[in-house]
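Below: one structure, written as structure tokens.
Read-outs throughout are calculated quantities, based only on the coordinates presented, and are distinct from any laboratory measurement. This one's a predicted model, so the numbers in the text were calculated from it and none came from an experiment. Positions of Cβ are generated from backbone atoms using ideal geometry, with glycine treated the same way; all protein chains shown enter the neighbour counts.
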Amino acid sequence: RPIDGNQHLKPEDVELAEIYLKTFYGLKQTDRGDRFPQRRTRSVSAMEMKIREMQNFFGLRETGGLDSSTLSVMKLPRCGVPDVEN
Amino acid sequence: FGFYPFKPKWKNHNVTYKIAKYTPDMSKEDVEKAFHSALKMWREAAPLRFTQVTSGNADIVLTFARKTHGDFFPFDGPGGVLAHAFQPGERMGGDVHFDEDETWTAGNQGYNLFAVAAHELGHSLGLSHSKDRSAIMYPNYRYRSSTQHTLSKDDMLGIQMLYGKPNQKVEIQSTAPQNCDPDFSFDAAAIIDDSIVLLKNRHMWMRTINGSYWNQLTEGLIKTYLPGINDRIDAAYDIPSKGEAYIFTGQKYWVVEKLKSRSRVGSIQDYGLPSRVTHIDAAVHISEQGKTVFFTGPFYYRFDEVKRQLEYSYPRLIQRNSRGLPRRVDAAFRIHGSIFLLSGPKSYQYDLKQKRVVKIIPGNSWLGC
């Protein structure tokens, strides 16, 4: 089930978001749920949680979803050091 | 502001750094200048000292690399991640890696190296990312030349939580130039009354041409030696045959015949310089040619002292035929068959016969450092 409000997302945006959250917010490989569909529900909430964490850091509306303002921040050039404990 | 877990920091406040690799996008000088400026900003906010080493180990090693480069964080090509750094610690601790797939610049065409280095060095000192958009430690790239050279309150508080405030004595001294500071640079230089005179802010050093003892004069004494010249001095040159020195402050120049005597004043327009030239960076007279060279920005002009007019086909780029010359000149003076050009922390010896730079030494070695 795609994350709420993200039906319009391009696959490359989801891919970018997953890499971003893995690099800067400690999203685990397993959290991505791409290998074990039965874990998909849990992975979606793990992803949503990480998106909320990132939205909180950048002062965005904490929707848990990959809305356009969240994606545009993810596409900005930045430092490679994670934003949360690393 | 934020810290790494367990708040790692450098126990020894004398931190060494080494530039292991440069980027082909910029001149070595500009890369070093960007790193010096970034370190200077942190040094002014906390009791830290940075010493550059060129071989052996260093606390902080700065380098440029692309894609997979020996740590667990491969770069991602142009855009995206620009650089990363490691928290204070042994071996890779403190190191900074810049993504060579980016275009690095001293300006804003591409990613400004100073801006990114200032951020990454914050990590090398123990700071993690800040949520404060005005902070250097904010994770996303921003470059606004006007405000970029200052730490935000947030950065200041963060670094002082780790290392404390800059100790008072350093603050007081910061008005007096730190002669042997690796960043030390000069404002002007000339031969006056048979002495090499070097000037910085309102401080003046004098040494007889063949002597070796420097006599640092405090501001009060400058007023004695150069009465009436109260502004910061930009440039100076001398014409030995006339026994006169010319001191430039902004659009004015002062003709000094004898130290401690009052001087005549004129405008740099008297030299026929275009109105866009608002000040002179450096000047030096070449007696066998009867010409005076004026340096301003990356250009230089030549003035014929006999005809009292600027020569045609000028200005020219200082680095026009490279010859090892720096991009800009802060001060210049002539001894025997060489012109010494002081640029940033370096002194370039230009041999008039060979028409090229024959030696480069640290500028403050003229002060015995």
Legend entry - Convex hull volume per residue for the stretch B:22-120, taking Cα atoms only, in Å³: 108
Legend entry - Long-range HN-HN contacts of residue B:346 with modeled amide H, under 5 Å: B:363
Inset, instruction - Taking the Cα centre of chain B as origin, work out the dipole magnitude from +1 charges on Lys and Arg Cβ and -1 charges on Asp and Glu Cβ, in debye rounded to 20. - result: 560
Inset, instruction - Run down the aspartates and glutamates and flag those whose C-alpha is under 15 Å from the C-alpha of residue B:353, throwing out any fewer than 8 positions away in its chain. - result: B:288
Legend entry - Relative frequency of Cα-Cα separations exceeding 17 Å in the stretch B:295-334, percent: 37
Inset, instruction - Please report the relative contact order for chain B, taking Cα pairs under 8 Å with a sequence separation of at least 6, and give it as a percent rounded to a whole number. - result: 11
Legend entry - Lys/Arg +1, Asp/Glu -1 at C-beta; the protein assembly as shown dipole; positive extreme among B:47, B:160, A:60: B:47
Legend entry - For the protein assembly as shown, convex hull of alpha carbons as volume per residue, Å³: 172
Inset, instruction - Over all alpha-carbon pairs in chain B, figure out the percentage whose distance exceeds 41 Å. - result: 21
Inset, instruction - Starting at the first residue of the stretch B:245-262, write each ³J(HN,Hα) from the Karplus equation 6.51 cos²θ - 1.76 cosθ + 1.60 with θ = phi - 60°, in whole Hz, x for Gly and Pro. - result: 10, 10, 10, 10, 10, x, 8, 9, 9, 10, 9, 9, 8, 9, 4, 6, 9, 5
Inset, instruction - For helix B:113-125, report the angle its Cα long axis makes with the longest principal axis of the Cα atoms of chain B; keep it between 0 and 90° and round to the nearest 10°. - result: 50
Inset, instruction - Pull up all non-local amide H partners of residue B:250: gap of 5 or more, or a different chain, and H-to-H distance under 5 Å with H placed in the peptide plane. - result: B:234, B:280
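Got a sec? How would B:35, B:186 order by Cβ neighbour count within 10 Å, fewest to most? Before the final figure, lay out the partial values.
Working: B:35 22, B:186 25.
Ordered from fewest to most neighbouring Cβ atoms within 10 Å, B:35, B:186 come out as B:35, B:186.
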Legend entry - Relative counts (whole %) of C-alpha pair distances in the stretch B:328-369, using bins that are 10 Å wide: 32, 57, 10
Inset, instruction - Give the long-range amide H neighbours of residue B:49: residues separated by 5 or more places, or on another chain, with amide H under 5 Å away, using H modelled in the peptide plane at 1.01 Å from N. - result: B:14, B:15
Inset, instruction - With unit charges on the beta carbon (Lys/Arg positive, Asp/Glu negative), name the residue among B:80, A:24, B:319 whose Cα is farthest towards the positive pole of the charge dipole of the protein assembly as shown. - result: B:319
Legend entry - Estimated vicinal HN-Hα couplings, Hz - the stretch A:9-19 in sequence order (Karplus 6.51, -1.76, 1.60; Gly, Pro = x): 5, 7, x, 5, 5, 5, 4, 4, 5, 5, 5
Inset, instruction - Could you name the lysines whose alpha carbon sits less than 22 Å from that of residue B:67, not counting residues in the same chain fewer than 8 places away? - result: A:22, A:28, A:75, B:18, B:21
Inset, instruction - Please give every one of the aspartates and glutamates within straight-line cross-link reach of residue B:260, meaning a C-alpha to C-alpha distance under 18 Å, and leave out same-chain neighbours fewer than 8 residues apart. - result: B:193, B:194, B:219, B:231, B:238, B:244
Inset, instruction - On each of the three principal axes of the Cα atoms of the stretch B:96-138, give max minus min coordinate, whole Å, ordered largest first. - result: 26, 21, 14
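Assuming R0 = 30 Å, what is the FRET efficiency of residue B:352 and residue B:260, from their Cβ-Cβ distance, to the nearest 0.05?
0.45
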Inset, instruction - Please report Rg over Rh for the stretch B:230-328, where both radii come from the alpha carbon positions and Rh follows the Kirkwood definition. - result: 0.96
